[in-house]
Amino acid sequence: MNDDATPAAAPPQRCGLVAIVGRPNVGKSTLLNALVGQKISITSRKAQTTRHRITGIRTRGAAQFVFVDTPGFQTRDLGRGRTALNRTLNRTVLSSLADVDLVLFLVEAGRFGLDDAKVLGLLQGEGLRDKPVILVANKQDAVRRRADLLPWLRSMQERHPFAEYVPMSATKAADVERLFGIVERYLPEQPWFYEEDALTDRSDRFLASEIIREKLFRLTGDELPYACTVVIGKYEEEGEPPRVLHRISADIIVERDAHKGMVIGDGGERLKRIGSEARQELEQLLQAKVFLELWVKVRSGWADDEARLKAYGYE
């Protein structure tokens, strides 16, 4: 045995931006949370839940993956019914794609509709055509016969020159692990952008507003219209670890008095439940006690008011 043997050189660091795109409600946030290993993006059955660019970070070995979960591209016609909020969300999608190294185009396995086609059209626009795109066919476990996917896959390859095809289920750890191995090959050799233990570039204040908004959507279902949002008015920390208390006051913004009633519920029960479930999840996330105060405010036309959108934190 040669004691003077030179130790093997450490592999070079890799780091890159990976965008997750797809039509609304296709499972982008679920996939991001699975890749990061912790919930940082909210989910609900309500379409178009994600409204901001959410960055999730995962460092594995010498590779740092910086995932960008984008809002579902707003595919409503550009004319009637189009709001400033819709336009703002689409700008967020396009700006998120500008600097990425790789795109994960998420679809449901065996399905491809008009909304999917509109999102794919974005990836064929100026400045994006040369970016590698991986076709990620989510929810493959819902497909009864794998052979049924072959003609679908051929049709997808005719639509776009995808770099790779990955059938998977975002809820299965083995599938997520396989996706990591594929994505890593596309990351440039360069220093990491963030510390090794970083999970997101978003603040606790932002995550608090998102968790409250998730509970709002989950507990109102289809009853409450899409045009509602959450704005944090106060976020204060008291005490020292391990006895830290987060005092949070948040406004739930709706467009009409009738919507306010939907959120509050009979005797205030629905608002109490929204607050209770949000507080419990925040305490888990922050590993600290949380005092949460919720108010419901009517702001007619906020979703079509550029100034208010900026004030509420929309980019």
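Could you please find all residues in the range 144-162 being under 19 Å from Leu104 (Cα atoms), open to solvent by less than 100 Å² (accessible area, probe 1.4 Å), out of contact with any strand residue (DSSP E or B) (no Cβ under 6 Å at 6 or more places or on another chain) and not aliphatic (A, V, I, L, M)? Selection gives Trp152, Ser155, His160. State yes or no: is Thr88 farther than 30 Å from Glu189 by Cα, modelled with pLDDT under 90 and open to solvent by less than 10 Å² (accessible area, probe 1.4 Å)? When the stated conditions are applied, Thr88 passes them. Screening Ile42 with (1) closer than 26 Å to Ala198 by Cβ; (2) of a type in the set (Val, Ile, Thr); (3) at pLDDT 75 or above gives one miss only, at (3).
When restricted to residues that are touching a helix residue (DSSP H, G or I) at 6+ places or on another chain (Cβ under 9 Å), part of a loop (DSSP other than H, G, I, E, B), more than 17 Å from Val18 (Cα to Cα) and not β-branched (Val, Ile, Thr), the range 125-160 contains 2.
Hey, does the range 172-181 have a residue that's closer than 18 Å to Phe67 by Cβ and in contact with a Ser or Thr (Cβ under 8 Å, 6 or more places away or on another chain)?
First pass over the range 172-181, keeping only residues closer than 18 Å to Phe67 by Cβ: 172-173, 175-181.
Add one more test, that the residue is in contact with a Ser or Thr (Cβ under 8 Å, 6 or more places away or on another chain), and what stays is 175.
Yes - at least one qualifying residue is present in the range 172-181.
Within the range 250-295, track down each residue that is touching a Lys or Arg at 6+ places or on another chain (Cβ under 6 Å) and open to solvent by 20 Å² or more (accessible area, probe 1.4 Å). Give the derivation first.
So in the range 250-295, the residues touching a Lys or Arg at 6+ places or on another chain (Cβ under 6 Å) come out as 251, 253-254, 274, 277-278, 290-292.
Passing the criteria: Asp251, Glu277, Phe291, Leu292.
For Arg299, the criteria (1) touching a helix residue (DSSP H, G or I) at 6+ places or on another chain (Cβ under 6 Å); (2) modelled with pLDDT under 95; (3) surrounded by 17 or more Cβ atoms within 10 Å (Cβ to Cβ); (4) under 18 Å from Cys228 (Cα atoms) hold in every case but one, which is (1).
Does Glu195 satisfy being surrounded by fewer than 19 Cβ atoms within 10 Å (Cβ to Cβ) and either not hydroxyl-bearing (Ser, Thr, Tyr) or not in a helix (DSSP H, G or I) (or both)? Steps first, answer last, please.
Working: surrounded by fewer than 19 Cβ atoms within 10 Å (Cβ to Cβ): yes; either not hydroxyl-bearing (Ser, Thr, Tyr) or not in a helix (DSSP H, G or I) (or both): yes.
When the stated conditions are applied, Glu195 passes them.
Please verify whether the range 128-143 includes one or more residues that are modelled with pLDDT of 90 or more and surrounded by fewer than 20 Cβ atoms within 10 Å (Cβ to Cβ).
yes
Taking the range 163-175 as the range and being in a loop (DSSP other than H, G, I, E, B), among the aliphatic types (A, V, I, L, M) and either open to solvent by less than 30 Å² (accessible area, probe 1.4 Å) or modelled with pLDDT under 95 (or both) as the test, the residues that pass are Met168, Ala170. Return yes or no: is Lys272 of a type outside the set (A, V, I, L, M, F, W, C), without any contact (Cβ under 8 Å) to a residue 24 or more places away in the chain and part of a helix (DSSP H, G or I)? When the stated conditions are applied, Lys272 passes them. The single residue among Arg213, Arg178 that is part of a helix (DSSP H, G or I) and open to solvent by 20 Å² or more (accessible area, probe 1.4 Å) turns out to be Arg178.
So is Glu223 surrounded by 19 or more Cβ atoms within 10 Å (Cβ to Cβ) and either under 21 Å from the mean Cα position of the chain (by Cα) or not small (Gly, Ala, Ser) (or both) or not? Spelling it out, it is not the case that Glu223 is surrounded by 19 or more Cβ atoms within 10 Å (Cβ to Cβ) and either under 21 Å from the mean Cα position of the chain (by Cα) or not small (Gly, Ala, Ser) (or both).
Residues in the range 6-27 that are in contact with a helix residue (DSSP H, G or I) (Cβ under 6 Å, 6 or more places away or on another chain) and open to solvent by 10 Å² or more (accessible area, probe 1.4 Å): Arg23 alone.
The values are calculated or read from the model by the stated rules, or taken from the named source; none is laboratory data. Here the structure is a predicted model, which means the values were calculated and not measured. When we count neighbours, we look across all protein chains shown, and the Cβ atoms used for this are built from the backbone with ideal geometry, even at glycine. Surface accessibility is based on the protein's heavy atoms, side chains included, excluding ligands, DNA and RNA. Shrake-Rupley method; radii C 1.70, N 1.55, O 1.52, S 1.80 Å.
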